[in-house]
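No lab work stands behind these numbers, since they all come straight from the coordinates. No experiment lies behind these values; they were computed from the predicted model shown. So basically every Cβ, Gly included, is an ideal-geometry build from the backbone, and we count neighbours across all protein chains shown.
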Amino acid sequence: MVVIRKEETTDRASVLQLLHDAFGRWDESDLVKQLYLDEDVIFGLVAEEEGKIIGHILFSLVEISTDQLFLEAAALAPLAVHPQRQKEGIGTKLINEGLLICRNKEELTGMIVLGNPDYYQRFGFSSELGAHLDAPFKNESFMALEFRSGILPKNAKVKYAAAFGL
């Protein structure tokens, strides 16, 4: 049975290897390491089965601001499931649990993600809402989700954590 739980420090080596296995490169592992070193991580979740980590999701802090307003939101990145366990709903479980936790954090106003619109729109992410933000990404893969309707102001600047290199 797959259990979704908060990531612990002792999970880190397994998570970094999972990210490599899922993406076929070390870039995402390096990103996660740097986000933790910079203390920009809100939290991470793992999917575990029989003591083995088979999925991971990370939420880091992102700033959304205008001249008059400063908001905190979460960036969902990366999401990974072991290649042999993909298409089993593990990613969906990780996202749903992460959204639940983030929605209960009073300081967070919403979430952004860069990914496949067909996948993320079913969780409420919107390319249209993302297009109204001043973000480093300007395509349908950049999506936003508000935790309260209308809270993200149009043309607000999105500032990712330094680890993203943007």
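Summary: within the chain, the longest segment free of GluC sites (Glu not before Pro) located in DSSP loops with at most 12 other C-beta atoms within 10 Å is 108-166. For residue 156, the residues whose amide H sits under 5 Å from its own are 134, ignoring neighbours fewer than 5 places away on the same chain, with H placed 1.01 Å from N.
Note on the chain: with a GNM built from Cα contacts shorter than 10 Å, the maximum mean-square fluctuation among 130, 89, 98 falls on 89. The sum of -39500 (n - 2.57) across all DSSP H runs of n ≥ 4, divided by the residue count of the chain, sets its helix-only mean residue ellipticity at 222 nm to -8000 deg cm²/dmol.
Per the Cα gyration tensor, the chain maps to an equivalent ellipsoid with semi-axes of 26, 16, 15 Å, ordered largest to smallest.
Straight-distance candidates among the aspartates and glutamates for linking to residue 87, with alpha-carbon spacing under 17 Å and chain neighbours fewer than 8 residues away dropped: 21, 48, 49, 118.
For segment 20-129, which chymotrypsin sites (Phe, Trp or Tyr not before Pro) are in a loop by DSSP, counting at most 13 other Cβ atoms within 10 Å? Here the chymotrypsin sites (Phe, Trp or Tyr not before Pro) that fit, given the DSSP loop and packing criteria, are 26.
Couplings 3J(HN,Hα) of segment 130-136, computed from phi: x, 5, 7, 9, 8, 10, x Hz, in residue order, whole Hz [Karplus 6.51 cos²θ - 1.76 cosθ + 1.60, θ = phi - 60°; x for Gly and Pro].
Here's the list of lysines a cross-link from residue 93 could span, going by alpha-carbon distance under 20 Å and ignoring same-chain residues fewer than 8 apart: 6, 52, 105. Here's the list of lysines a cross-link from residue 138 could span, going by alpha-carbon distance under 21 Å and ignoring same-chain residues fewer than 8 apart: 154, 157, 159. With all pairs of separate Cα atoms included, segment 1-99 yields a Kirkwood hydrodynamic radius of 13.9 Å.
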